[in-house]
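A quick write-up on the structure given underneath.
Each reported figure results from applying straightforward, stated rules to the coordinates on display, with no laboratory input. All values derive from a computational prediction rather than experimental measurement. Note that we place each Cβ from the backbone using ideal geometry, even for glycine, and neighbour counts take in every protein chain shown.
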Amino acid sequence: MTLRRGVIAARCCALLLVGFFAAAPAQATIRYAISVARPEQHFFHVTMTIPEVQNEVVVQLPAWNALYQVRDFAYHLTGLNASDDSSRPLAVLKLNKQTWHVSGSGTITVRYASYWDEPGAFNAQLNASHAFLNLALVLLYVPDRRGEDVRVVFDDLPASWRVAVALHQEKTAGGQRAGPYVAANYDALVDAPVEMGVFEEFLLETGGPPVRVVVHGDAWKREQIEEILRRIVSYEIQLMRGAPFDEYLFLYHIGSTAGGSGGGMEHARSTAIFIDTMGYLENVTAHEFFHLWNVKRIRPQSLEPVNYTGEQWTRSLWFAEGVTSSYAAYTLVRTALWSRRQFYDDLAGQLTDLESRPARLWQSVEQASLDAWFEKYALYRRPDFSISYYNKGQILGVLLDILIRDATDNRSSLDDVLRDLNDRFARQGRFYRDSADIRASAERIAGRSFEEFFTRYVAGTDELPCAELLARAGLVLKGTGSARAEFGFLAVRGAGAATVAVEIQPGSTAEQAGVREGDVLLTLNGAAFPRNPIRWLHEHRLGETVRLGFRHENNLKEVSFALSERRERVYSLEEAGNPTEKQRRILDGLLHGTTDGPRP
């Protein structure tokens, strides 16, 4: 549907400034006030008011949120104290790294400050230009009262700042206060990231529920974003047969305002996306928006209820994240944001990446899901220690789709599995049993057993029969030995989404230039260090001189060196020259999201 700009202009202010108009809880009990006074000092000042306390109350701060990493947010917290409703100081006893006991009755007020100046979708940042806040990083909760409704206000905003958040706003406070915003419980509250500052906004109209777009950035074009979002949002809602929201919020940080960080984080009614250039916008947006269904609503039982105090083990990230990546690629090719050549190259690149990791021979994709909590350690991310559940999960999604289409003569597909899981679990308020219910749904749709597939390739480490299965879709997989450009080290994501250098090759040009193990990689040729360094290297030549900016310990450095050589097996995909009629129908189905009608 064509965007009606006049309607957008008329509705933006009302929608973007007053928040979501979902039904508000009847009575909020625990209240928060977050002050951003003197933002250049990077302290969020929090006041938490807890009514109806009898003798004592325990408050706690999450140890993790968003990333599957225990990051111990409590070390950012300082100056915690408590008082009663007569302003008398109360005794506070710290029980462990993230838990405090307060003695008192009635209405108790807890005050503290939390220091944050870290850009990124998984972090929090407060500075003179804006604030971005994942609320779980700064807001305490009462463990046995997590289910109660809550209110939050934002205080001491600079005069030009506004607030964008996917929460119902009870009323407009005015002046230097925004809110109160209301959530049904603590979990719903902290699932809504907040942007405060001076930002651009517009309303995207797709014929469905309103979609709000907020951009804090300096390297973007509204018309380009509108067209990309219109295609992605419209297609994925149509694919899943309806939007699971009344209103949705995209929070973008683009260009230098992304602070060199990258990536996105899904939420039930919003997403936060940080990218340095518009070139990454399509893929990350398609991925994060599809999470509305897969993981936020089609959700494994192993992730419920959320345990904020420590690791939460699940075997399902290959499906929750990897198959979401399958659908990001499907969305892009099916909406013509990608050509079929780009789709083939992306899938071949995934196969090449998996082949380059020796750990695939001993770590299953379910094991990689369980071990996600090790990803903050550089050693674990080395190719001989782990595989990526994103990477192998994306490949498994495509292969399973082909198997279903082949078994049903292209009358059913993986699309039907996602819709079946949505109907049987998400819409019923139920959670699925890790890989067991995924397999059961696939078997129900295909009318055949997938025991061997799940035993050998999901729970097991057998080499994927990619050439054989891709051939059923009329695709020819070719692998060749190749020399490509290499930095002379591996670039891997570290804690907080920073990219670090590991496995420095002795004698390499990078080592000679001064790059060392653990250096944080910041820039490449004057731009932010690429989110996909392997893809970047495939686009550059051996011997090409590059400028690398990095942080070694506490020192910023920039060095130049020539790219060295790496030998590897590289895969490519081509369409078969004379496909059978069935191969052609299956390939068309993959590329266009179609099937050939109901089974007889």
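So here's what we get for this one:
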{"quantity": "Taking Thr594, Thr206 and counting other C-beta atoms within 10 Å, the order from fewest to most", "calculated": "Thr594, Thr206"}
{"quantity": "Per-pair calculated FRET efficiency, R0 = 22 Å: Ser83 and Val58 via Cβ, rounded to 0.05", "calculated": "0.85"}
{"quantity": "Residue exposure sequence - Ser261, Ser86, Ser339, Ser572 - by fewest surrounding Cβ within 10 Å", "calculated": "Ser86, Ser339, Ser572, Ser261"}
{"quantity": "Sequence-separation-based contact order of the range 5-201, relative, with Cα cut under 8 Å and 6+ spacing, percent", "calculated": "27 percent"}
{"quantity": "Local net charge near Leu477, Cβ-Cβ under 10 Å (Lys/Arg +1, Asp/Glu -1)", "calculated": "-1"}
{"quantity": "Whether the chain is rounded, prolate or oblate, judged on the alpha carbon gyration tensor where a/c under 1.5 counts as rounded", "calculated": "prolate"}
{"quantity": "Rg/Rh ratio calculated on Cα atoms of the range 227-360 (Kirkwood radius)", "calculated": "0.97"}
{"quantity": "Karplus (6.51, -1.76, 1.60) ³J(HN,Hα), θ = phi - 60°, over the range 468-480, in Hz, Gly and Pro reported as x", "calculated": "5, 6, 5, 4, 5, 9, x, 10, 9, 8, 10, x, 9"}
{"quantity": "Using θ = phi - 60° and Karplus 6.51 cos²θ - 1.76 cosθ + 1.60, couplings along the range 369-385 (whole Hz; Gly, Pro as x)", "calculated": "5, 4, 8, 3, 5, 8, 5, 6, 9, 4, 4, 4, 7, 5, x, 8, 10"}
{"quantity": "Label point distance in nm, Ser560-Thr480, each placed 7 Å from Cα along Cα→Cβ", "calculated": "3.3 nm"}
{"quantity": "Label point distance in nm, Ser356-Glu468, each placed 7 Å from Cα along Cα→Cβ", "calculated": "2.8 nm"}
{"quantity": "For Ser356, residues with placed amide H under 5 Å, excluding near neighbours", "calculated": "none"}
{"quantity": "Within the chain, longest stretch free of exposed chymotrypsin sites (Phe, Trp or Tyr not before Pro) [DSSP loop, at most 15 other beta carbons within 10 Å]", "calculated": "22-312"}
{"quantity": "Approximate spin-label separation Arg241-Leu95, in nm, with each point projected 7 Å along Cα-to-Cβ", "calculated": "4.6 nm"}
{"quantity": "Charge sum, other residues only, whose C-beta stays under 14 Å from Gln69's C-beta, Lys/Arg counted +1 and Asp/Glu -1", "calculated": "-1"}
{"quantity": "Stretch in the chain that is longest and holds no GluC sites (Glu not before Pro) that DSSP places in a loop and that have at most 16 other beta carbons within 10 Å", "calculated": "1-310"}
{"quantity": "Full-stretch length increase - Ala513, Glu223 - with 0.36 nm per residue and alpha-carbon distance subtracted", "calculated": "100.1 nm"}
{"quantity": "Percentage relative contact order, the range 185-232, counting C-alpha pairs under 8 Å, at least six apart", "calculated": "29 percent"}
{"quantity": "Above-threshold pairs, the threshold being 27 Å between Cα atoms, out of Lys221/Lys296; Lys221/Lys557; Lys97/Lys376", "calculated": "Lys221/Lys296; Lys221/Lys557"}
{"quantity": "Relative contact order of the range 169-326, defined on C-alpha pairs under 8 angstrom at six or more residues apart (%)", "calculated": "17 percent"}
